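Working notes, beginning with the structure itself.
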Amino acid sequence: MTARLVLENMKHKPMRSLLSVFLIAVPVTLILCLVGLSEGMLSDSAQRARGIGADIVIRPPGTSALTLSGAPIPQKVADLVARQPHVVQAMGMMVHPVSNVSFISGIDLAQFDRMSGGFKYLQGGPFRGPNDIIVDQYYAQQHKLHAGDEIHDVLNHAWRVSGVAEGGKLARLAVPMTTLQDLTGNTGKVSQIFVKADKPANVSTVITELKNLLPGYSVYSMDEFTSLLTVQNVQGGALRTFIDVMVGIGVVIGFAVVLLSMYMAVLQRTREIGILKALGASRWFILKIILAEALVMGVSGTVVGIGLSFVARALIEWLYPASLTQAITPLWWPIVGAISLIGVVLGALYPGLSAATQDPIEALAYE
Amino acid sequence: MSDPLIEIHGLRKIYRVGKVDVPALRGVDLAVPQSEFLAIIGPSGSGKSTLFHVIGGLTPASGGSVRIGGQDISSLTDAGRTELRKNKVGFVFQKFNLLPNLTARDNIAIARYIAGNDLAADAEFDEVLKLLGIAHRLEHKPAALSGGEQQRVAIARAIVNHPAILLADEPTGNLDSENSAAVLSVMRDLNERLGQTILMITHNPEAAAFAHRTVRMRDGRMVE
């Protein structure tokens, strides 16, 4: 009977109910998109790093798994590393930012092909000149590029697209390393070195040797390196804090929406509350109805919000396939559900309690 | 003669309006035997509705005593008055006061639900529905019912839990003469067939004529 009363109350003011559900869904979607983008982009970075085929990565002193600035490593260090026992290949690579979230890689294509197995070209093929660029399918889709096109908006340089490759290896843009070094004033230097060991069992031995050989450098196994690409590690935990702040805002929005919605509902139903009290409804019964309605809106808002996060991902994939990658994060569904429910219960408490304590005679006289 | 169902002695009720005390009941004495149909008449402001609110447990008394079935309700807490409304009293209001979002059937069922009774009506109540002439209108919401039908649904809701007293506050105040007569006939039938004790406030002498006895109030007191 309570369920029927709650349902009929919601049906009686469908626009108010739908608007409330939508407004609860918005912060749910925002949180899921934020978390999904964070995890999706980090996961994409990790996947592309693994796609290189290296066992070990060497990063310059003063950097972490997620921070890299310039190209401070002399290229000859890669040659030194290549001569170490159990090392079958050491490949220097330059990485340079081209926007807030995009990077361009400078590679020695022959070495890269040997380490990774090479690009799988969907159009065109390898570099044929120093000003050639290989783009991955997502970058090509977002910028509507084809093999043979010219682009000028990357580092203000004229590039010819020699090939469009399948994604999953390196950055989305790859150019000859010497060209990138010269363009950025880093001739003879690289950003990081990828190392392949003769067999997996020797990876830890090689890491130990390299740490001794290159004091101050960060030397990671690829598994360790990719495991460090987490939300907690971005900007010293700043992303984690940002997400926590967004979660807090989600609770506040859910609270405010339900407070206003239920307060309005209680005002509109003052007479009905009086009727229920005249029938012998207890304070708890009245409070239960208000809380139940808020919970239904909270659960509905959460479900709609989760649904909207799929819509947001589809939109992002369509509009920004190269720039942004949003993961769907089912582990966060119960978390955002709990966040919504905390917000709506807090928001429904005041209107619910004020309804429960209304004087029945005054409520019955309400016009 | 058995003890009265309702015994009221020296009942006072004072409302606080701002910083002013307004006496609404100034020492009411009244005894109502079981199964009586009593009409209470009097001008506006005479205290009729306040008397109903106190007897019905909608507001506490300021002084005096009110006993229903031997239980003194003048000292009940808010929770105690809630129990009284749930189990011993049924209200019929001038403006019907049905829940607009629920069907007639659900308006009656929610009274059973609140009282903790089985939602399925008993056979005796089915007879009451036939007596009220609303059995075929139960799936409609109040907006689809005439005033007379709404008031008959309200009467059904008021008696569905077999209360000791049915309190009707101007039950025909919003009805035309035809529907008024139908509602009053139903109330008299309920009184005669089921022995339902009924207290009815009315301004209308013709309505009061349906009752066994009429008492008059003025300035917060019984005057005859």
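For the range B:77-87, the count of residues that are in contact (Cβ under 8 Å) with a residue 12 or more places away in the chain and not in a helix (DSSP H, G or I) is zero. Here B:Ala123 clears all of (1) free of Cβ contacts under 8 Å to residues at least 12 places away in the same chain; (2) touching a Gly at 6+ places or on another chain (Cβ under 6 Å) except the condition numbered (2).
When A:Ile58, A:Ile24, A:Ile31 are checked against the criterion of being touching a strand residue (DSSP E or B) at 6+ places or on another chain (Cβ under 8 Å) and more than 14 Å from chain B (Cβ to nearest Cβ), a single residue qualifies: A:Ile58.
State which residue is farthest from B:Ala156 (Cα to Cα) when the search covers only the range B:196-222 and only residues that are part of a loop (DSSP other than H, G, I, E, B) and at pLDDT 90 or above. Among those residues, the one meeting the criterion is B:Asp219. Identify the residue in the range A:278-287 that is more than 8 Å from every other protein chain (Cβ to nearest Cβ) and buried (at least 18 other Cβ atoms within 10 Å of the Cβ) and, among all such residues, is farthest from the chain's Cα centre (by Cα). Within the range A:278-287, the match that is farthest from the chain's Cα centre (by Cα) is A:Ile286. The residue that is nearest to B:Pro163 (Cα to Cα), counting only those in the range B:126-141 that are part of a helix (DSSP H, G or I) and either in contact (Cβ under 8 Å) with a residue 60 or more places away in the chain or within 20 Å of the chain's Cα centre (by Cα) (or both), is B:Val128.
Examine the range A:248-264 for a residue that is within 14 Å of chain B (Cβ to nearest Cβ) and either of a type in the set (Ser, Thr, Tyr) or under 20 Å from A:His12 (Cβ atoms) (or both), and state whether such a residue exists. The answer is no, given that none of the residues of the range A:248-264 is within 14 Å of chain B (Cβ to nearest Cβ) and either of a type in the set (Ser, Thr, Tyr) or under 20 Å from A:His12 (Cβ atoms) (or both).
Does B:Pro33 satisfy the criteria of being under 21 Å from B:Leu184 (Cα atoms) and more than 18 Å from the chain's Cα centre (by Cα)? Judged against the criteria, B:Pro33 is not a match. Checked against (1) over 20 Å from the mean Cα position of the chain (by Cα); (2) assigned to a helix (DSSP H, G or I); (3) not hydrophobic (A, V, I, L, M, F, W, C), B:Asn179 passes all but a single condition, namely (1). Count of the range B:187-224 residues, restricted to those that are without any contact (Cβ under 8 Å) to a residue 40 or more places away in the chain and hydroxyl-bearing (Ser, Thr, Tyr), is 0.
Quick one: would you say B:Ala111 is part of a helix (DSSP H, G or I), within 10 Å of another protein chain (Cβ to nearest Cβ), in contact (Cβ under 8 Å) with a residue 40 or more places away in the chain and small (Gly, Ala, Ser)?
yes
Scanning the range A:340-361 for residues that are buried (at least 23 other Cβ atoms within 10 Å of the Cβ) and of a type outside the set (Gly, Ala, Ser) turns up A:Val344, A:Pro351, A:Pro360. Restricting the range A:137-158 to residues that are in a strand (DSSP E or B) and out of contact with any helix residue (DSSP H, G or I) (no Cβ under 9 Å at 6 or more places or on another chain), the residue that is nearest to A:His96 (Cα to Cα) is A:Val154. Between B:Ile68, B:Ile155, the distinction of being of a type in the set (A, V, I, L, M, F, W, C), under 14 Å from A:Leu279 (Cα atoms) and surrounded by 19 or more Cβ atoms within 10 Å (Cβ to Cβ) belongs to B:Ile155 only. Apart from one condition, B:Glu149 fits all of (1) surrounded by fewer than 20 Cβ atoms within 10 Å (Cβ to Cβ); (2) over 25 Å from B:Ile55 (Cβ atoms); (3) modelled with pLDDT of 90 or more; the exception is (1). Could you check the range B:60-103 and list, in sequence order, the residues that are within 13 Å of chain A (Cβ to nearest Cβ), more than 16 Å from the chain's Cα centre (by Cα) and of a type in the set (Ser, Thr, Tyr)? B:Thr77, B:Thr103 - these are the residues of the range B:60-103 that are within 13 Å of chain A (Cβ to nearest Cβ), more than 16 Å from the chain's Cα centre (by Cα) and of a type in the set (Ser, Thr, Tyr). Identify, please: which residue in the range A:221-270 is surrounded by fewer than 20 Cβ atoms within 10 Å (Cβ to Cβ) and among the hydroxyl-bearing types (Ser, Thr, Tyr) and is, among those, modelled with the highest pLDDT? This residue is A:Ser221.
Per-residue answers, yes or no, for (1) more than 14 Å from chain A (Cβ to nearest Cβ); (2) surrounded by 14 or more Cβ atoms within 10 Å (Cβ to Cβ); (3) in contact with a Ser or Thr (Cβ under 8 Å, 6 or more places away or on another chain); (4) at pLDDT 95 or above:
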{"position": "B:Pro43", "(1), (2), (3), (4)": "yes, no, no, no"}
{"position": "B:Thr50", "(1), (2), (3), (4)": "no, yes, yes, no"}
{"position": "B:His53", "(1), (2), (3), (4)": "no, yes, yes, no"}
{"position": "B:Leu58", "(1), (2), (3), (4)": "no, yes, no, no"}
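Residue-level check: of (1) β-branched (Val, Ile, Thr); (2) modelled with pLDDT of 90 or more; (3) surrounded by fewer than 21 Cβ atoms within 10 Å (Cβ to Cβ), A:Ile58 misses just (3).
Kindly indicate whether B:Ala120 is part of a loop (DSSP other than H, G, I, E, B) and farther than 21 Å from B:Ala39 by Cβ. Against the criterion (part of a loop (DSSP other than H, G, I, E, B) and farther than 21 Å from B:Ala39 by Cβ), B:Ala120 qualifies.
The values are calculated or read from the model by the stated rules, or taken from the named source; none is laboratory data. Because the structure is predicted, anything quoted here is derived from the model rather than measured. Every residue, glycine as well, gets a Cβ built from its backbone with ideal geometry; the counts of neighbours run over all protein chains shown.
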